[in-house]
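Since the structure comes first, as structure tokens, the remarks are kept for the end.
The values are calculated or read from the model by the stated rules, or taken from the named source; none is laboratory data. What you are looking at is a predicted structure, and each value in this text was computed from that prediction instead of being measured. Cβ sites come from the backbone with ideal geometry, for glycine too, and all protein chains shown count toward neighbours. Each accessible area value is taken on the protein alone, full model and side chains, heavy atoms only, with ligands, DNA and RNA left out. Shrake-Rupley method; radii C 1.70, N 1.55, O 1.52, S 1.80 Å.
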Amino acid sequence: MLVNKISFILAFSAGLLGVTQGMMNAHIGKVQGQYGMIIGVSAIQIVFATFLLWRMKSPAPLQLHVIPWIVIAGVLGVGIMFSTSYATGKIGTLPVFILIIAGQMVASSIIDHFGLMGLPKNPVTLAKFGSILLIMTGILCFIKSSR
């Protein structure tokens with residue numbers, strides 16, 4: 001199905017872009033400081049997102065019940081930017097993004113298993129759990145070999 005192919009391409013592209021942004025944020029953080037990096041990058045994100053929303057004429061007005069989720073997502077975004085930038089500057093991109101993937105696997109397994117926030121339920125089966133354990137073992141071996 002075309003929608004699935006596009007989703008796979010977008011997800012893979014997000015991975016490529018995330019690593020590239022993490023590298024750039026680490027560089028900016030070393031030169032400008034972590035707080036300067038967060039403020040500068042966030043300001044550009046706001047300007048770019050505002051432009052996109054203006055050009056696409058987003059039809060939905062802001063719903064009051066999502067404001068708490070917007071605040072939480074914003075705080076989480078700052079935490080992600082800070083921790084990724086800081087850790088990348090200290091240990092490099094590959095270990096950081098392998099650990100990010102490990103964290104994402106754990107979180108997404110929980111989210112999918114319970115179908116949190118209206119997402120499709122995708123229960124964690126024994127086969128999926130075993131696969132995750134195998135991947136986590138590989139990640140542990142990689143991290144230990146990097147020291």
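Going 7 Å from the Cα of Ile132 toward and past its Cβ, which residues in region 5-32 have a backbone nitrogen under 14 Å from where you end up? Counting only backbone N, you get no residues. What the phi angles of region 75-83 give under the Karplus curve with 6.51, -1.76 and 1.60, with θ = phi - 60°, is a coupling list of 5, 4, x, 5, x, 5, 4, 5, 5 Hz, glycine and proline written as x. Per residue, the solvent-accessible area of the chain (1.4 Å probe, heavy atoms of protein chains only, all protein chains present) comes to 77 Å². Computed from the alpha carbon atoms alone, the convex hull of the chain holds 148 Å³ per residue. Across Met23, Met105, Met37, Met117, the residue with the most accessible area heads the list, and the full order at a 1.4 Å probe is Met117, Met23, Met105, Met37.
For region 59-130, the fraction of 1.4 Å probe accessible surface lying on carbon and sulfur atoms is 79 percent.
At 0.36 nm per residue, minus the direct Cα-Cα distance, what do Ile44 and His27 gain on full extension? Give it in nm, one decimal, please.
Working it through step by step, the gained length comes to 4.5 nm.
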